[in-house]
1. Mind telling me which of the residues G168, G129 ends up being more than 23 Å from V186 (Cβ to Cβ), modelled with pLDDT of 95 or more and either aromatic (F, W, Y) or assigned to a loop (DSSP other than H, G, I, E, B) (or both)?
2. Residues in region 110-125 that are touching a Lys or Arg at 6+ places or on another chain (Cβ under 9 Å) and either among the basic types (K, R) or farther than 15 Å from G95 by Cα (or both): how many?
3. May I ask you to list pairs of residues, at least six apart or on different chains, whose Cβ atoms are under 8 Å apart, with the first in region 120-134 being more than 14 Å from A237 (Cα to Cα) and open to solvent by 60 Å² or more (accessible area, probe 1.4 Å) and the second being of a type in the set (V, I, T) and modelled with pLDDT under 95?
4. For residues that are in a loop (DSSP other than H, G, I, E, B) and open to solvent by 60 Å² or more (accessible area, probe 1.4 Å), scanning just region 171-199, find the one that is modelled with the highest pLDDT.
5. Checking A203 against (1) open to solvent by 40 Å² or more (accessible area, probe 1.4 Å); (2) assigned to a strand (DSSP E or B), which test does it fail?
6. Just checking, which of A77, A57, A11 is open to solvent by 30 Å² or more (accessible area, probe 1.4 Å), farther than 30 Å from L223 by Cα and without any contact (Cβ under 8 Å) to a residue 40 or more places away in the chain?
7. Looking at region 104-119, can you tell me whether even one residue there is modelled with pLDDT of 95 or more, buried (at least 21 other Cβ atoms within 10 Å of the Cβ), in contact with a strand residue (DSSP E or B) (Cβ under 9 Å, 6 or more places away or on another chain) and assigned to a strand (DSSP E or B)?
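The values are calculated or read from the model by the stated rules, or taken from the named source; none is laboratory data. As the structure is a computational prediction, the values presented were derived from the model and not from experiment. A quick note on method: Cβ atoms are made from the backbone with ideal geometry, for glycine too, and the neighbour counts reach across all protein chains shown. Please note that ligands, DNA and RNA were not included when accessible areas were found on the heavy atoms of the full protein model with its side chains. Shrake-Rupley method; radii C 1.70, N 1.55, O 1.52, S 1.80 Å.
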Amino acid sequence: MDRSAYASMSAQEGSHWWFVARRAILDRLIRTQVAPRADARILEAGCGTGGNLAMLARHGRVEALEYDGEARALATARGIAQVEPGMLPGRIGFGDQRYDLIALLDVLEHVEEDRASLAALKERLAQGGRILLTVPAVPWLWSDHDELHHHKRRYTLAGLRGVAEAAGLKVESVGYFNSLLFPIAVATRTAHRLLRRKGGLDAEPSPVVNGALRTIFGWERHLLGRFRFPIGLSLYAILSA
């Protein structure tokens, strides 16, 4: 990602509605659909500046890899997990350690070799282990946000399922999320295109708006697993060997 994107991420991960609500959703997915044992070994592949490490540490012993040195230093400074340099698909690190849970959270879209990356992570799963994967969805929503974050692609549900199965993984669960706010996101991005306005989609809104968006997005954690959203800004998948 651009240096400005890492700086913005580090500053906002604790308060921005998207980060806060997304962590609550991921925490719920881990507890209800992955259910790792109490002493689970967990790897976050591509941890960025480390905003998810504390949440993951509630579910077991966490290690992490991150390619970018600046982001890695920020993640290490949190003092939550051992964070090592690495990249997908060929440099996962940590010897031959196998994991009960591998978290790949909005990372796969940055990687040129997505199938090979999933296949490499499959080899690091312990018996009964799971991969929790999230990616941006709906290719026609491509915007300046994707350019800023150096995305290679946005996924369709069928496309995500296909690349996971091509990597030799079983898709236990897959679905859209960040769906309740989908109409607002479409309207906002359409307006930006029509007005030829650059950027602005990542800025943290006023406290009132930020709180409202956090509540709406976060409420989806009560629906996932019970209700299948027809579309959303993001996709999640739970994969096994």
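1. G168
2. Result for region 110-125: 5.
3. Cβ pairs passing all conditions: none.
4. If we filter region 171-199 for residues that are in a loop (DSSP other than H, G, I, E, B), which is where we start, we get 178-181, 195-199.
This time we only want the ones that are open to solvent by 60 Å² or more (accessible area, probe 1.4 Å), so: 180, 195-198.
Details: L180: 96, L195: 62, R196: 59, R197: 57, K198: 55.
Residue satisfying both the conditions and the ranking: L180.
5. Condition (2) is where A203 drops out.
6. A77
7. Within region 104-119, one or more residues are modelled with pLDDT of 95 or more, buried (at least 21 other Cβ atoms within 10 Å of the Cβ), in contact with a strand residue (DSSP E or B) (Cβ under 9 Å, 6 or more places away or on another chain) and assigned to a strand (DSSP E or B).
Residue-wise test of (1) part of a helix (DSSP H, G or I); (2) among the polar types (S, T, N, Q); (3) over 22 Å from Y176 (Cα atoms).
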site: R22; (1), (2), (3): yes, no, no
site: D27; (1), (2), (3): yes, no, no
site: I30; (1), (2), (3): yes, no, no
site: P36; (1), (2), (3): no, no, yes
site: T49; (1), (2), (3): no, yes, yes
